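The structure appears right after this line, and notes come after that.
The values are calculated or read from the model by the stated rules, or taken from the named source; none is laboratory data. A quick note: this is a predicted structure, and the numbers were derived from the prediction, not measured. So basically every Cβ, Gly included, is an ideal-geometry build from the backbone, and we count neighbours across all protein chains shown.
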Amino acid sequence: MTDTRPTQSPTALATASSSASNVIPIDPSEVLGSNFLTLLTAVGALTLWSAPAELQAAAPQSLTAPRTAGQGVDWKAELRARYAAMPNAAWFRRAHENKSLGEAIRIL
Amino acid sequence: MARLVASEGLDQGAVLDDIPWGEEFEENAPLGIVLTSTCDLEHGHADFVILAALKPAQAVIQASREFRNKVEGAAGNALNRRPWDSLVGLLEDFVHNANIQRYFFVEAQAALGQPPLLADFQHVVSISLGRARACPVLATLPSPFREQLVTHFAAYSSRIGVERTPQPEVTALTDELADPYHGPNGAP
(Lines give C-alpha, C1' and ligand atoms only; values in the text may rest on other atoms or scores of the structure.)
Protein backbone atom coordinates (compact mmCIF):
# COMPACT_ATOMS: atom_id res chain seq x y z
CA MET A 1 0.00 0.00 0.00
CA THR A 2 1.33 3.54 -0.83
CA ASP A 3 0.63 6.67 1.18
CA THR A 4 -0.92 9.12 -1.24
CA ARG A 5 -1.85 11.73 1.32
CA PRO A 6 -0.38 15.22 0.75
CA THR A 7 2.55 15.97 3.00
CA GLN A 8 3.91 19.21 4.42
CA SER A 9 7.25 20.03 5.90
CA PRO A 10 7.37 20.93 9.63
CA THR A 11 8.19 24.49 8.68
CA ALA A 12 5.14 24.76 6.46
CA LEU A 13 2.98 23.26 9.19
CA ALA A 14 4.28 25.75 11.73
CA THR A 15 3.71 28.65 9.38
CA ALA A 16 0.18 27.51 8.67
CA SER A 17 -0.49 27.23 12.40
CA SER A 18 0.80 30.70 13.16
CA SER A 19 -1.41 32.23 10.50
CA ALA A 20 -4.56 31.13 12.32
CA SER A 21 -5.93 33.83 14.61
CA ASN A 22 -6.62 31.74 17.71
CA VAL A 23 -3.46 29.67 17.99
CA ILE A 24 -0.09 30.40 19.53
CA PRO A 25 2.60 30.91 16.87
CA ILE A 26 5.21 28.15 16.73
CA ASP A 27 8.85 28.87 16.06
CA PRO A 28 9.98 26.57 13.20
CA SER A 29 13.37 26.14 14.87
CA GLU A 30 11.55 24.77 17.95
CA VAL A 31 9.77 22.21 15.81
CA LEU A 32 13.06 21.00 14.43
CA GLY A 33 14.79 21.26 17.79
CA SER A 34 13.08 20.23 21.03
CA ASN A 35 10.34 18.35 19.17
CA PHE A 36 12.77 16.46 17.01
CA LEU A 37 11.77 13.15 18.61
CA THR A 38 8.14 13.85 17.76
CA LEU A 39 9.15 14.47 14.18
CA LEU A 40 11.11 11.22 14.09
CA THR A 41 8.09 9.36 15.46
CA ALA A 42 5.86 10.87 12.79
CA VAL A 43 8.29 9.88 10.05
CA GLY A 44 8.47 6.36 11.51
CA ALA A 45 4.71 6.09 11.61
CA LEU A 46 4.44 7.17 7.98
CA THR A 47 7.08 4.61 7.03
CA LEU A 48 5.13 1.85 8.76
CA TRP A 49 1.88 3.05 7.30
CA SER A 50 3.23 2.50 3.83
CA ALA A 51 4.86 -0.84 4.73
CA PRO A 52 5.44 -3.24 1.86
CA ALA A 53 2.57 -5.54 0.96
CA GLU A 54 4.54 -8.64 1.93
CA LEU A 55 4.73 -7.42 5.55
CA GLN A 56 0.98 -6.95 5.66
CA ALA A 57 0.42 -10.34 4.05
CA ALA A 58 2.48 -11.93 6.84
CA ALA A 59 -0.14 -10.96 9.42
CA PRO A 60 -1.91 -14.02 10.87
CA GLN A 61 -5.18 -15.10 9.36
CA SER A 62 -7.97 -13.54 11.39
CA LEU A 63 -11.67 -13.77 11.75
CA THR A 64 -11.77 -10.59 13.83
CA ALA A 65 -12.70 -8.13 11.13
CA PRO A 66 -15.69 -9.94 9.66
CA ARG A 67 -16.84 -10.94 13.11
CA THR A 68 -16.77 -7.48 14.68
CA ALA A 69 -18.11 -5.82 11.56
CA GLY A 70 -20.91 -8.38 11.47
CA GLN A 71 -21.52 -7.82 7.80
CA GLY A 72 -20.09 -8.54 4.41
CA VAL A 73 -18.16 -11.70 5.21
CA ASP A 74 -19.61 -14.94 6.51
CA TRP A 75 -16.93 -15.81 9.10
CA LYS A 76 -18.50 -19.18 9.85
CA ALA A 77 -18.20 -20.12 6.18
CA GLU A 78 -14.59 -18.94 6.24
CA LEU A 79 -13.95 -21.07 9.30
CA ARG A 80 -15.62 -24.12 7.72
CA ALA A 81 -13.41 -23.73 4.67
CA ARG A 82 -10.29 -23.49 6.83
CA TYR A 83 -11.23 -26.61 8.81
CA ALA A 84 -12.23 -28.52 5.68
CA ALA A 85 -8.76 -27.87 4.25
CA MET A 86 -6.93 -28.59 7.54
CA PRO A 87 -6.60 -32.39 7.07
CA ASN A 88 -4.59 -31.71 3.91
CA ALA A 89 -2.09 -29.44 5.66
CA ALA A 90 1.36 -31.01 6.00
CA TRP A 91 1.47 -30.40 9.76
CA PHE A 92 -1.89 -32.11 10.24
CA ARG A 93 -0.92 -35.23 8.31
CA ARG A 94 2.35 -35.48 10.23
CA ALA A 95 0.55 -35.18 13.56
CA HIS A 96 -2.40 -37.52 12.93
CA GLU A 97 -1.92 -39.78 9.91
CA ASN A 98 -1.91 -43.40 11.11
CA LYS A 99 -1.15 -42.31 14.69
CA SER A 100 -2.66 -43.88 17.77
CA LEU A 101 -5.53 -42.09 19.49
CA GLY A 102 -3.65 -42.75 22.71
CA GLU A 103 -4.05 -45.06 25.67
CA ALA A 104 -7.32 -44.32 27.39
CA ILE A 105 -8.07 -44.10 31.09
CA ARG A 106 -11.61 -45.31 31.61
CA ILE A 107 -14.00 -43.06 33.54
CA LEU A 108 -16.29 -45.13 35.73
CA MET B 1 -22.49 -33.25 25.85
CA ALA B 2 -19.67 -30.70 25.80
CA ARG B 3 -21.19 -28.09 23.51
CA LEU B 4 -19.67 -24.71 22.62
CA VAL B 5 -21.85 -21.61 23.02
CA ALA B 6 -21.44 -18.02 21.86
CA SER B 7 -19.20 -15.80 23.97
CA GLU B 8 -16.77 -12.92 23.66
CA GLY B 9 -15.00 -13.03 27.02
CA LEU B 10 -11.54 -14.42 27.73
CA ASP B 11 -12.04 -17.19 30.27
CA GLN B 12 -11.31 -20.86 30.79
CA GLY B 13 -12.99 -22.72 27.93
CA ALA B 14 -12.95 -19.70 25.60
CA VAL B 15 -12.25 -20.50 21.95
CA LEU B 16 -9.72 -18.10 20.42
CA ASP B 17 -8.56 -17.42 16.89
CA ASP B 18 -5.28 -15.84 15.70
CA ILE B 19 -3.17 -17.92 18.07
CA PRO B 20 0.57 -17.81 17.33
CA TRP B 21 1.11 -21.58 17.00
CA GLY B 22 4.28 -21.01 15.03
CA GLU B 23 5.28 -20.69 11.42
CA GLU B 24 4.68 -24.35 10.64
CA PHE B 25 0.98 -24.06 11.50
CA GLU B 26 0.14 -20.91 9.54
CA GLU B 27 -1.47 -23.01 6.83
CA ASN B 28 -5.04 -23.56 8.04
CA ALA B 29 -4.17 -22.71 11.65
CA PRO B 30 -6.46 -24.28 14.25
CA LEU B 31 -8.51 -22.41 16.82
CA GLY B 32 -7.46 -22.88 20.45
CA ILE B 33 -9.38 -23.46 23.67
CA VAL B 34 -8.22 -21.87 26.94
CA LEU B 35 -7.11 -24.28 29.68
CA THR B 36 -5.97 -21.65 32.20
CA SER B 37 -8.08 -21.46 35.36
CA THR B 38 -10.83 -18.86 35.59
CA CYS B 39 -9.61 -17.68 39.00
CA ASP B 40 -6.10 -17.06 37.69
CA LEU B 41 -7.51 -14.96 34.87
CA GLU B 42 -10.05 -13.22 37.10
CA HIS B 43 -7.61 -12.23 39.85
CA GLY B 44 -4.72 -11.31 37.62
CA HIS B 45 -2.59 -14.30 38.67
CA ALA B 46 -2.02 -15.44 35.11
CA ASP B 47 0.69 -13.76 33.07
CA PHE B 48 0.38 -16.46 30.43
CA VAL B 49 -2.56 -18.35 28.95
CA ILE B 50 -2.42 -22.03 28.00
CA LEU B 51 -4.41 -23.18 24.99
CA ALA B 52 -5.06 -26.54 23.32
CA ALA B 53 -5.58 -26.77 19.56
CA LEU B 54 -9.05 -27.63 18.26
CA LYS B 55 -8.93 -30.12 15.38
CA PRO B 56 -11.66 -31.50 13.11
CA ALA B 57 -12.88 -34.60 14.96
CA GLN B 58 -13.81 -36.73 11.98
CA ALA B 59 -10.48 -36.19 10.24
CA VAL B 60 -8.45 -36.92 13.38
CA ILE B 61 -10.38 -40.07 14.23
CA GLN B 62 -10.49 -41.44 10.69
CA ALA B 63 -6.76 -40.83 10.22
CA SER B 64 -5.97 -42.83 13.37
CA ARG B 65 -4.56 -46.33 13.51
CA GLU B 66 -7.48 -47.51 15.68
CA PHE B 67 -10.12 -46.38 13.20
CA ARG B 68 -8.28 -47.91 10.27
CA ASN B 69 -7.92 -51.21 12.11
CA LYS B 70 -11.64 -51.30 12.81
CA VAL B 71 -12.71 -50.70 9.20
CA GLU B 72 -10.02 -52.94 7.74
CA GLY B 73 -11.47 -55.80 5.74
CA ALA B 74 -14.84 -54.13 5.24
CA ALA B 75 -16.61 -54.85 1.97
CA GLY B 76 -16.76 -51.35 0.57
CA ASN B 77 -18.23 -49.12 3.24
CA ALA B 78 -20.36 -51.86 4.82
CA LEU B 79 -19.18 -53.35 8.11
CA ASN B 80 -20.42 -56.58 9.65
CA ARG B 81 -22.31 -56.36 12.92
CA ARG B 82 -19.41 -56.95 15.32
CA PRO B 83 -16.89 -54.58 13.67
CA TRP B 84 -19.66 -51.97 13.37
CA ASP B 85 -20.58 -52.29 17.05
CA SER B 86 -16.92 -52.02 17.95
CA LEU B 87 -16.53 -48.89 15.82
CA VAL B 88 -19.65 -47.31 17.28
CA GLY B 89 -18.36 -48.05 20.77
CA LEU B 90 -15.13 -46.22 19.97
CA LEU B 91 -17.01 -43.23 18.57
CA GLU B 92 -19.48 -43.10 21.46
CA ASP B 93 -16.59 -42.97 23.90
CA PHE B 94 -15.44 -39.85 22.08
CA VAL B 95 -18.86 -38.22 22.04
CA HIS B 96 -19.33 -38.77 25.78
CA ASN B 97 -15.69 -38.05 26.66
CA ALA B 98 -15.96 -41.36 28.51
CA ASN B 99 -12.22 -41.95 28.46
CA ILE B 100 -9.40 -39.67 29.43
CA GLN B 101 -7.10 -39.66 26.46
CA ARG B 102 -5.27 -37.32 24.14
CA TYR B 103 -8.45 -35.63 22.90
CA PHE B 104 -11.54 -33.95 24.33
CA PHE B 105 -14.68 -33.86 22.19
CA VAL B 106 -16.69 -30.64 21.74
CA GLU B 107 -19.80 -30.06 19.67
CA ALA B 108 -19.43 -26.82 17.69
CA GLN B 109 -22.34 -26.55 15.25
CA ALA B 110 -24.44 -23.89 16.98
CA ALA B 111 -21.59 -21.63 18.08
CA LEU B 112 -19.18 -21.97 15.17
CA GLY B 113 -21.16 -23.63 12.38
CA GLN B 114 -18.59 -26.40 12.51
CA PRO B 115 -18.67 -30.19 12.59
CA PRO B 116 -17.43 -31.62 15.93
CA LEU B 117 -13.96 -30.67 17.14
CA LEU B 118 -11.36 -32.32 19.34
CA ALA B 119 -9.12 -30.43 21.76
CA ASP B 120 -5.68 -31.98 21.31
CA PHE B 121 -3.77 -32.18 24.61
CA GLN B 122 -0.52 -32.81 22.78
CA HIS B 123 -0.87 -29.61 20.78
CA VAL B 124 -0.76 -26.86 23.39
CA VAL B 125 0.81 -23.43 23.55
CA SER B 126 1.36 -20.79 26.22
CA ILE B 127 1.05 -17.15 25.17
CA SER B 128 1.20 -13.90 27.12
CA LEU B 129 -2.02 -12.62 28.63
CA GLY B 130 -1.72 -9.46 26.53
CA ARG B 131 -1.42 -11.51 23.35
CA ALA B 132 -4.39 -13.65 24.38
CA ARG B 133 -6.49 -10.54 25.01
CA ALA B 134 -5.73 -9.44 21.45
CA CYS B 135 -7.13 -12.71 20.04
CA PRO B 136 -10.77 -12.74 18.98
CA VAL B 137 -13.01 -14.93 21.16
CA LEU B 138 -15.40 -16.93 19.00
CA ALA B 139 -17.19 -19.16 21.52
CA THR B 140 -16.84 -20.78 24.92
CA LEU B 141 -17.35 -24.11 26.63
CA PRO B 142 -19.75 -23.61 29.56
CA SER B 143 -19.49 -25.19 33.02
CA PRO B 144 -19.19 -27.94 34.06
CA PHE B 145 -17.66 -29.03 30.76
CA ARG B 146 -14.81 -26.51 30.89
CA GLU B 147 -13.78 -27.99 34.23
CA GLN B 148 -14.16 -31.49 32.79
CA LEU B 149 -11.91 -30.46 29.90
CA VAL B 150 -9.19 -29.32 32.28
CA THR B 151 -9.58 -32.40 34.48
CA HIS B 152 -8.99 -34.56 31.42
CA PHE B 153 -5.98 -32.46 30.45
CA ALA B 154 -4.48 -32.79 33.93
CA ALA B 155 -5.12 -36.55 34.02
CA TYR B 156 -3.70 -37.03 30.52
CA SER B 157 -0.60 -34.99 31.37
CA SER B 158 0.04 -36.83 34.61
CA ARG B 159 -0.28 -40.42 33.42
CA ILE B 160 2.33 -42.76 34.81
CA GLY B 161 3.68 -45.52 32.64
CA VAL B 162 3.56 -48.90 34.39
CA GLU B 163 4.51 -52.37 33.17
CA ARG B 164 1.70 -54.35 31.66
CA THR B 165 0.81 -57.51 33.61
CA PRO B 166 1.78 -60.66 31.62
CA GLN B 167 -1.20 -62.13 29.74
CA PRO B 168 -1.18 -65.60 31.43
CA GLU B 169 -1.55 -63.95 34.81
CA VAL B 170 -4.36 -61.71 33.50
CA THR B 171 -6.14 -64.74 31.99
CA ALA B 172 -5.93 -66.65 35.29
CA LEU B 173 -7.43 -63.69 37.11
CA THR B 174 -10.27 -63.16 34.60
CA ASP B 175 -11.11 -66.89 34.70
CA GLU B 176 -11.28 -66.74 38.48
CA LEU B 177 -13.47 -63.66 38.44
CA ALA B 178 -15.83 -65.10 35.78
CA ASP B 179 -16.22 -68.52 37.46
CA PRO B 180 -18.53 -70.47 37.07
CA TYR B 181 -19.07 -68.93 33.62
CA HIS B 182 -16.56 -69.71 30.88
CA GLY B 183 -15.83 -69.17 27.18
CA PRO B 184 -17.42 -70.94 24.16
CA ASN B 185 -14.93 -73.83 24.17
CA GLY B 186 -15.66 -74.86 27.72
CA ALA B 187 -12.10 -74.37 28.78
CA PRO B 188 -10.83 -70.96 29.93
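Residues B:13, B:76, B:44: which one is at pLDDT 95 or above and at positive phi? Don't jump to the end; show me each part of the working.
Working: B:76 fails: at pLDDT 95 or above; B:44 fails: at pLDDT 95 or above.
Going through B:13, B:76, B:44 in turn, the sole match is B:13.
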Please pick out the residue among B:29, B:14 that is crowded, with 20+ Cβ neighbours inside 10 Å, without any contact (Cβ under 8 Å) to a residue 24 or more places away in the chain and under 15 Å from residue B:127 (Cβ atoms). B:29
Mind listing just one residue for me: the one in region B:85-112 that is within 11 Å of chain A (Cβ to nearest Cβ) and loosely packed, with under 15 Cβ neighbours inside 10 Å and, of those, nearest to residue A:80 (Cα to Cα)? B:109
Out of region B:56-71, which residues are free of Cβ contacts under 8 Å to residues at least 12 places away in the same chain, facing another protein chain (nearest Cβ under 8 Å) and not small (Gly, Ala, Ser)? B:65, B:68
Hey, residue B:50 hits all of (1) within 12 Å of chain A (Cβ to nearest Cβ); (2) surrounded by 15 or more Cβ atoms within 10 Å (Cβ to Cβ) but one; which does it fall short on? (1)
